[in-house]
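Engineer: Pasting in a structure now, in structure tokens, and then I'll have a few things to ask.
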Amino acid sequence: MHFYFLWHNPLMKNTLNHLPERKQGHISTLLQIIHDEFDLVVNAATLDEKTRSRILLVVLFGSYAKGTQVDDPKSGYFSDYDILVVLNEPTLADEYKIWHTVEERASLKTQSPVNLVVCTLREINHELKQGHYFFTDIREEGIVLYNYNHTELLNPGPLNPEEEKGIAQEHFDQWFESANSFMIDFGHCMDRSDFKKAAFEMHQAVERYFACILLVHTNYRPKTHNIKALYNFVTQQADVLKTVFPQDTKLSRRSFELLKKAYIEARYSDKYEITVDELQWLAKRVDVLKTLTERLCVDHIKQL
């Protein structure tokens, strides 16, 4: 049995009182699913490293932690549940199957997208000591849902302003150029009517534009190829990014879903299909994303 919302740490929030009762119920269900799936793997494990694995912290962050969540059926935009899971060691941190199952089960139960960031205590404390924004924001604004043995996160350290600007510029130079290169490859695929390959190349471009925005603004990107999850993190950096992939029509929803699936299915599934119209619609949206990525990142670097 797991006990939720009972642990008190004066350095981090631990109450969900600002959320409607229904949302609090969603989060409780989500937390139970995390523990259930994790326990299934650990209890069935034979390797010592896996049997020793333990969840130390579960933290709600993002819009639900801040109380800025959106539920807008008209536009089709619903805020995601963003959850940080901190483990004692790395063995299961990269076990994609566990965390993907959690996200899928929890999304069905809560009827809202669920995104997990999974890392070890050592990793997150290292990032905090470096003053990295992504984890610093979680440290300052996150809400502790579960804690094992009074685990605590370090206080964030300072980041040298000159160093910060240099790192942000390096991220922009690397990831923006890489994204542009994949869009060139997308064009070549379209020219020869290789639409499945075109979808994959576009997926890689979008993933890199998202990575560029996140790394420039927070010096961190989640270890996922799920562009739907990445899009949620990206839109938290600037509201204007919510306009890039609207979800208000059947075409827009289907096209973005196909783009998300392209990372695996466009390469390995004979059943994956995407039309020229869908690819052309997506290409226009990616062009908007490219423009916004450059503008937002360049402006942010100038302000550092």
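Values in this text are rule-based calculations from the coordinates and carry no lab data. Quantities reported herein were computed from a predicted structural model and do not represent experimental measurements. Glycine gets a Cβ as well: all are built from the backbone with ideal geometry, and neighbour counts include every protein chain shown.
Engineer: Among PHE172, PHE135, which comes first, then next, by fewest other beta-carbon atoms within 10 Å? Could the numbers behind the result be given before it?
Structural biologist: Details: PHE172 20, PHE135 28.
Result, fewest neighbours first: PHE172, PHE135.
Engineer: To continue, here is another question. Provide the per-residue ³J(HN,Hα) series for the stretch 278-284, in order, calculated from phi with Karplus coefficients 6.51, -1.76, 1.60 and θ = phi - 60°, each as a whole number of Hz, with x at glycine and proline positions.
Structural biologist: My calculation for the stretch 278-284 gives 5, 5, 5, 4, 4, 4, 5 Hz in order.
Engineer: Now a separate question. How high is the relative contact order of the stretch 51-100, given as a whole-number percent (alpha carbon pairs under 8 Å, six or more residues apart)?
Structural biologist: Details: 55 pairs, mean separation 22.6, N = 50.
This gives 45 percent for the stretch 51-100.
Engineer: Hey, another quick one. Where the centre of each part is set by its Cα atoms, how far does the stretch 16-45 sit from the stretch 184-226, in angstrom?
Structural biologist: After rounding, the separation between the Cα centres reads 32 Å.
Engineer: Hey, another quick one. Quote to one decimal, in nm, the extra length available between VAL288 and LYS109 on full extension: 0.36 nm per residue of separation minus the C-alpha distance between them.
Structural biologist: On the way: separation 179, 0.36 × 179 = 64.44 nm, distance 3.34 nm.
Result: 61.1 nm gained on full extension.
Engineer: Place the peptides 228-236, 277-285 in order of packing, highest mean first, counting for every residue the other Cβ atoms within 10 Å and averaging per peptide.
Structural biologist: Details: 228-236: 22.0, 277-285: 16.3.
Those peptides, ordered most packed to least, come out 228-236, 277-285.
Engineer: How big is D, in µm² s⁻¹, for the chain by Stokes-Einstein at 20 °C and 1.002 mPa s if Rh is the Kirkwood radius over C-alpha pairs?
Structural biologist: Numbers: Rh = 20.5 Å.
Estimated diffusion coefficient is 105 µm²/s.
Engineer: So what is the calculated 222 nm ellipticity per residue for the chain, using -39500 (n - 2.57) for each DSSP H run with n of 4 or more, over all residues, to the nearest 500 deg cm²/dmol?
Structural biologist: Numbers: 11 runs with 176 residues, N = 304.
Rounded to the nearest 500, the figure is -19000 deg cm²/dmol.
Engineer: Next question, about the same structure. Would you mind checking the pairs LYS66/LYS129; LYS97/LYS223; LYS197/LYS271 and listing those with alpha carbons more than 18 angstrom apart?
Structural biologist: Numbers: LYS66/LYS129 23 Å; LYS97/LYS223 13 Å; LYS197/LYS271 14 Å.
Result: LYS66/LYS129 exceed 18 Å.
Engineer: Still on this structure: Taking R0 as 45 Å, what's the FRET efficiency between LYS165 and ASN43 from their Cβ-Cβ distance, rounded to 0.05?
Structural biologist: On the way: r = 48 Å, r/R0 = 1.06.
After rounding, the FRET efficiency stands at 0.40.
Engineer: For the stretch 38-140, what does the convex hull of the Cα positions come to per residue, in cubic angstrom? Could the numbers behind the result be given before it?
Structural biologist: Numbers: hull volume 10.8 nm³, N = 103.
Taking the convex hull of the Cα positions in the stretch 38-140, it is 105 Å³ per residue.
Engineer: State to the nearest 20 debye the size of the charge dipole of the chain about its Cα centre, where the only charges are +1 on K and R beta carbons and -1 on D and E beta carbons. List each step's numbers first, then the result.
Structural biologist: Details: 35 positive and 43 negative charges, 121 e Å.
That gives the chain a dipole magnitude of about 580 debye.
Engineer: Something else: Starting from the Cα gyration tensor of the stretch 161-303, multiply each eigenvalue by 5, take the square root, and state the resulting semi-axes largest first in whole Å. Working shown, then result.
Structural biologist: On the way: eigenvalues 146, 47, 34 Å².
Whole-Å semi-axes of the equivalent ellipsoid: 27, 15, 13.
Engineer: Regarding the stretch 138-179, what are the three Cα extents along the principal axes, ordered largest first, in Å?
Structural biologist: Taking the Cα atoms of the stretch 138-179, the three principal extents are 44, 26, 16 Å.
Engineer: Starting from the 7 Å offset along Cα-to-Cβ, what nm value, one decimal, do you get for the label separation of ASP270 and ASN155?
Structural biologist: For the pair ASP270/ASN155, the computed spacing is 6.2 nm.
Engineer: Where both partners of a DSSP beta bridge lie in the chain, what percent of those bridges are antiparallel, to the nearest 5?
Structural biologist: On the way: 13 of 21 bridges.
Bridges in the chain that DSSP calls antiparallel: roughly 60 percent.
Engineer: Estimate the FRET efficiency between ALA238 and GLU123 by the formula 1/(1 + (r/R0)^6), using the beta-carbon distance for r and 35 Å for R0, to the nearest 0.05. Let's see the in-between values first.
Structural biologist: Details: r = 26 Å, r/R0 = 0.76.
Efficiency for this residue pair is about 0.85.
Engineer: Moving on to the next point. What are the residues whose amide H is under 5 Å from the amide H of LEU159, where those residues sit 5 or more places off or on another chain and H is modelled from the backbone?
Structural biologist: Under 5 Å from the amide H of LEU159 lies no amide H from a residue far enough along the sequence or on another chain.
Engineer: If you count, for each residue, the other Cβ atoms within 10 Å and average over each peptide, how do 90-103, 54-67 line up from highest to lowest?
Structural biologist: Values: 90-103: 17.2, 54-67: 20.5.
The peptides rank, most packed first, as 54-67, 90-103.
Engineer: Check each of the trypsin sites (Lys or Arg not before Pro) in the stretch 178-225 and keep only those in coil by DSSP with at most 15 other C-beta atoms within 10 angstrom; list them in order.
Structural biologist: Values: sites: ARG192, LYS196, LYS197, ARG208, LYS223; in loops: ARG192, LYS223.
Answer in residue order: ARG192, LYS223.
Engineer: Mark the label point 7 Å from the Cα of LYS74 along Cα→Cβ and return the residues of the stretch 228-254 whose backbone N is within less than 17 Å of it.
Structural biologist: 243, 246-249
Engineer: In nm, to one decimal, how far is the modelled label at GLN24 from the one at ASP191, with both set 7 Å along Cα→Cβ?
Structural biologist: 6.0
Engineer: Further, regarding this structure: Picking from ILE55, PRO73, VAL117, whose Cα lies most toward the positive end of the charge dipole for the stretch 54-140 (charges on Cβ: Lys, Arg +1; Asp, Glu -1)?
Structural biologist: Looking along the dipole axis, the top candidate is ILE55.
Engineer: Sticking with this one: Mind listing which GluC sites (Glu not before Pro) in the stretch 183-276 are in a DSSP loop and have 16 or fewer other Cβ atoms within 10 Å? Spell out each step's value before the answer.
Structural biologist: Values: sites: GLU201, GLU207, GLU257, GLU265, GLU273; in loops: GLU273.
Listed in order of number, the matching sites are GLU273.
Engineer: Now, a different point. Is there a quick way to get the dipole size of the stretch 21-147? I mean about its Cα centre, with the Cβ of Lys and Arg at +1 and of Asp and Glu at -1; what is the value in debye to the nearest 20?
Structural biologist: Values: 13 positive and 20 negative charges, 39 e Å.
For this selection, approximately 180 debye.
Engineer: On to the next question. Select from LEU108, VAL86, TYR96 the residue farthest towards the positive end of the dipole of the stretch 81-122; place +1 on Cβ of Lys and Arg, -1 on Cβ of Asp and Glu, and compute about the Cα centre.
Structural biologist: So the residue we want is LEU108.
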